[in-house]
Structure formats: C-alpha cells, structure tokens
1. Cysteines of the chain lacking any other cysteine beta carbon under 4.7 Å?
2. Hey, what do the phi angles of region 30-38 turn into as Karplus ³J(HN,Hα) couplings, whole Hz, using 6.51/-1.76/1.60 and θ = phi - 60°, x for Gly and Pro?
3. Most fluctuating residue of Arg44, Arg136, Arg20 in a GNM of the chain with Cα springs under 10 Å: which is it?
4. Find the relative contact order for the chain and round it to a whole percent, using C-alpha pairs within less than 8 Å whose residues are 6+ positions apart.
5. If you build a Gaussian network model of the chain, linking Cα atoms that sit under 10 Å apart, which residue out of Ala72, Ala126, Ala116 swings the most?
6. Give me D for region 7-118 in µm² s⁻¹, whole number, from Stokes-Einstein with Rh from the Kirkwood sum over alpha-carbon pairs, 20 °C and 1.002 mPa s.
7. Quick one: order Val42, Val34 by neighbouring beta-carbon count within 10 Å, fewest to most.
8. Could you run the Karplus curve 6.51 cos²θ - 1.76 cosθ + 1.60 with θ = phi - 60° over region 53-67 and give me ³J(HN,Hα) per residue in whole Hz, x for Gly and Pro?
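Here, each number is a calculation from the coordinates, and none is a lab measurement. Only a predicted model underlies this, so the values are computations on that prediction, with no experimental measurement involved. Cβ placement follows ideal geometry from the backbone for every residue including glycine, while neighbour counts extend to all protein chains displayed.
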Amino acid sequence: MTQNATPAAQGCIFCAIVARQAEASVVYEDGTVVAFMDLNPVTRGHLLVVPRVHAVGLEDLDGATSARVWSAGHDMARALRRSTLRCEGINVLLCDGEAAFQTVFHFHLHVVPRYAGDGWTPMHDAPERERSLLDRDAQAIKDAIAAAH
C-alpha cells in the first residue's frame, strides 16, 4: 500500500522510497511503515523506520502511526540483535527538527546497532541541573499536557 505524493511530499526522498520510485535496501514493510538501510550509516546495520504517510515530525504524526513506527523500531532492534551482524547494543534515535539534527524532513526513527569501539559517541558530559530548575521545567511540560486535553 503506497500513497501518492502530496504537494508537501514532492521531492521527499523517503516518500520516493516508500513508493518504490527510489532505490533502497528494504528489510521490512507493512501497510503503515517501511524499514530500510540508512545510506549513510553510523555503524554497520543502521536502519531507518519511516511511516508510509508523509509527516515532517512528531507534531505531524497521528498516534496510531507513531505507535506503529516505534513498535517496528523495536522489532528491528530485536532482529539486529539476533542477526549475524552480532551487535552488542542498540541506540534508537529520533531527530525531530533542524535544531535536533533532522536532515530529511520526513519523520524517521534511527535504529543503530552498536559495537564495542565503533567510535560513535552521541553522549556528552552535561552538568547536573538544579532541582528547582528541573521542577520549573517539569511544570511547564505539565501545563502543556493539561492544555492539550
């Protein structure tokens, strides 16, 4: 099941992959998602899980599709662990927005197999944040949740 590209999706490489109009090494697909090898992998086996429907980011994705993307990501992580690639860990990463390093503006979940000494270090040394500041941030998020209901 593929959808025709909407005007917003014109030129979207992931929409083209979903529609089989662009080449990709697909490892899984169903009516909602397609999982394929990242063309610029962080490590060997790096997968992307994308919804068939064009959505730029989290705000544009409905709950059911989002749940299926995450569920498929879980399935892909399990498959990577059981594969002959013999990864020793998995990172699941979402880049939502340019400030978060999103480069293809079609929602996608990275499933990155990790190997001892693979050299990729997404973590940094962050200082501990004061509890009063954490509480203030928590309240701002709670307020947004309450406003959405």
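1. Cys87, Cys95
2. 9, x, 10, 10, 9, 10, 8, 5, 5
3. Highest fluctuation among the options: Arg136.
4. Once divided by the residue count of the chain, the mean separation gives 21 percent.
5. The residue that fluctuates most here is Ala126.
6. It comes out at roughly 151 µm²/s.
7. In increasing order of surrounding Cβ atoms, one gets Val42, Val34.
8. Result, rounded to whole Hz: 7, 6, 9, 5, x, 3, 4, 9, 9, 6, x, 5, 5, 4, 4.
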